[in-house]
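Student: Pasting a structure below so you can have a look.
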Amino acid sequence: MGTVTIGVSIAVPEPHGSLLQERRAGFGDAAAHGIPTHVTLLPPTEVAAAQLPAVEAHLTEVAGVGRPFPMRLSGTGTFRPLSPVVYVRVVQGAEDCAWLQQRVRDASGPLARELQFPYHPHVTVAHGIDEAAMDRAFEELAGFDAQWPCTGFAFHEQGADGVWRKLREYTFGGSVVPAQPGALREVGRSGALP
């Protein structure tokens, strides 16, 4: 049956997801349209196709013990010079994301793996493009701000064409979402965001 490349992530909801995806493409990141805007819980991981039922069962268990939590993105950061990435920062919900990704990669489960870098929840907005474009992404999205109640995560597979496609969504076992201060919003610098 061969192998497949999978990933697990928290989607950035609309209209923010599309806005950040378009901005990423606008900075010259050719991969932007093949990658839904997200916070990674499991980076691209190759597994045997025959393992997919066990992976889905494991993710169902992780979602079952998860609880909704408030997520907020605000401002930008970068992993340069270590890695050519500019990102939007997760300023609320980071501890919850870290807890979830540990459960997804549990040593006794089918997705046990070591990470190349320490886990740092973020939303990539530029990756592997020229330095001037990376600087522009960092500056133009510095005023970005969005918040929403995170109620689950998604399981994706990367196709041979490099595009990530959602296989399944998982909803957390809790039914109560903590109250959110304010509403979803974007705050842009002059001319940075519509």
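Bear in mind that the values in this text are calculations on the coordinates, not laboratory data. Worth saying up front: this structure is predicted, and the values here are computed from it rather than measured. With ideal geometry, Cβ positions are generated from the backbone for all residues, glycine too; neighbour counts draw on all protein chains shown.
Student: Please list, short to long, the whole-number percent of alpha-carbon pairs of the range 1-148 in consecutive 10 angstrom bins beginning at zero.
Tutor: Histogramming the range 1-148 at 10 Å steps yields 11, 38, 34, 15, 1 percent.
Student: Only loop residues by DSSP count here, and only those with at most 16 other Cβ atoms within 10 Å; note down the chymotrypsin sites (Phe, Trp or Tyr not before Pro) in the range 1-100 that meet that.
Tutor: On the way: sites: F27, F79, Y87, W99; in loops: F27, F79.
For chymotrypsin sites (Phe, Trp or Tyr not before Pro) across the range 1-100 that sit outside H, G, I, E and B with at most 16 neighbouring Cβ atoms in 10 Å, the list reads F79.
Student: Which of the GluC sites (Glu not before Pro) found in the range 55-117 are loop residues per DSSP with 12 or fewer other Cβ atoms within 10 Å of their Cβ?
Tutor: Details: sites: E56, E61, E95, E114; in loops: E114.
Listed in order of number, the matching sites are E114.
Student: Another question, if that's okay. Nearest 10 degrees is fine. How inclined is helix 16-26 to the longest principal axis of the chain, computing both from alpha carbons?
Tutor: 70 degrees
Student: Multiplying the sequence separation of L115 and V163 by 0.36 nm and subtracting their Cα-Cα distance, what value in nm do you get? Could you put the intermediate results ahead of the total?
Tutor: Details: separation 48, 0.36 × 48 = 17.28 nm, distance 2.20 nm.
Difference between extended and current length: 15.1 nm.
Student: Enter the angle in degrees (range 0 to 90, nearest 10) between the Cα long axis of helix 52-65 and the first principal axis of the Cα atoms of the chain, meaning the one along which they spread out most.
Tutor: 70 degrees
Student: Would you mind counting up the charge near P149? Only other residues with Cβ under 13 Å from its Cβ, with Lys and Arg at +1 and Asp and Glu at -1.
Tutor: Working: positive: R67, R72; negative: D96.
Around P149, the surrounding residues sum to +1.
Student: Right, something else. Using label points projected 7 Å from each Cα along Cα→Cβ, tell me how many nm separate T5 and D130, to one decimal.
Tutor: My value for the distance between the label points is 2.6 nm.
Student: Quick one: V8, V65, fewest Cβ neighbours within 10 Å first, how do they rank?
Tutor: Numbers: V8 24, V65 12.
By the 10 Å Cβ count, ascending: V65, V8.
Student: Sticking with this structure for a sec: Taking 0.36 nm per residue of separation and subtracting the Cα-Cα distance, what length does fully extending A54 through R80 add?
Tutor: Numbers: separation 26, 0.36 × 26 = 9.36 nm, distance 3.64 nm.
Between A54 and R80, full extension yields an extra 5.7 nm.
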